[in-house]
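What follows is a single structure, written as structure tokens, with notes after it.
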Amino acid sequence: RSLYERGEVERTVAQLEERKEAYEKDGALWFRSSAYGDEKDRVVRRDNGIYTYFAADIAYHLNKFERGFERLIDVWGADHGGYVKRMKAAVKAVTGGEGDLDVKVCQLVNLLDKGEPVKMSKRAGTFVTLREVVDDFVSRVFDGETMPLVQQLIEDGELSDDEIAQLQRTLDQLK
């Protein structure tokens, strides 16, 4: 059953009110997210009485916390990056500071492996991390696969002296 059907969204918002973490303004109910570092307060119940998606998200995280999870980990797409501060603020507020939300933001890109696209899906959990891409690049550089390409760029004058120096510093750090 949904959080709405079980009354968890309503209960969560009521809890915010009881803790003085929410206030009414212009007929809407606002969560005091700015008190937790967010740039502004956020609406949890509109002036028409309808709860926002944010209110349901808070209820979801409170539900997880109440089931014994003190550390909550979310994986979000990059398009939701602006949502992180307000959600962390809400978790702190509804758990009395005991819950910890760790948000991993990922960006899907198109990668090729031997000229073929690598199939990735956040939902299916099949993706390549930036660490894996960097590690693969470094191993190719030191295996001599990439270095000839870099040497050719240098010989063709495609890299400035500053870029060559930065590349050398980076390679030295990776060794």
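When segment 16-37 is limited to residues that are hydroxyl-bearing (Ser, Thr, Tyr) and in contact with a strand residue (DSSP E or B) (Cβ under 7 Å, 6 or more places away or on another chain), the one that is surrounded by the fewest Cβ atoms within 10 Å (Cβ to Cβ) turns out to be 23. Within segment 93-106, identify whether any single residue is within 26 Å of residue 124 (Cβ to Cβ), modelled with pLDDT under 95 and of a type outside the set (A, V, I, L, M), and answer yes or no. Yes.
In this structure, is residue 13 surrounded by 14 or more Cβ atoms within 10 Å (Cβ to Cβ), over 15 Å from residue 97 (Cβ atoms) and in contact (Cβ under 8 Å) with a residue 24 or more places away in the chain?
yes
Of all residues in segment 38-65, those satisfying the criterion of being without any contact (Cβ under 8 Å) to a residue 40 or more places away in the chain and exposed (fewer than 13 other Cβ atoms within 10 Å of the Cβ) are 40, 47, 48, 49, 50, 53.
All of (1) assigned to a loop (DSSP other than H, G, I, E, B); (2) surrounded by fewer than 19 Cβ atoms within 10 Å (Cβ to Cβ); (3) touching a residue at least 60 places away in the same chain (Cβ under 8 Å) hold for residue 3 with one exception: (2).
Only one entry in 96, 81 is in a loop (DSSP other than H, G, I, E, B) and open to solvent by 30 Å² or more (accessible area, probe 1.4 Å), namely 96.
Looking across segment 99-124, the residues that are polar (S, T, N, Q) and part of a loop (DSSP other than H, G, I, E, B) come down to 107, 110.
Filtering segment 105-118 for residues that are open to solvent by less than 90 Å² (accessible area, probe 1.4 Å), in contact (Cβ under 8 Å) with a residue 40 or more places away in the chain and either within 30 Å of residue 15 (Cβ to Cβ) or under 17 Å from the mean Cα position of the chain (by Cα) (or both) leaves an empty set.
The values are calculated or read from the model by the stated rules, or taken from the named source; none is laboratory data. If you're wondering where the values come from, they're calculated on a predicted model, not measured in any experiment. Backbone-built Cβ (ideal geometry, glycine too); neighbour counts: all protein chains shown. Surface accessibility is based on the protein's heavy atoms, side chains included, excluding ligands, DNA and RNA. Shrake-Rupley method; radii C 1.70, N 1.55, O 1.52, S 1.80 Å.
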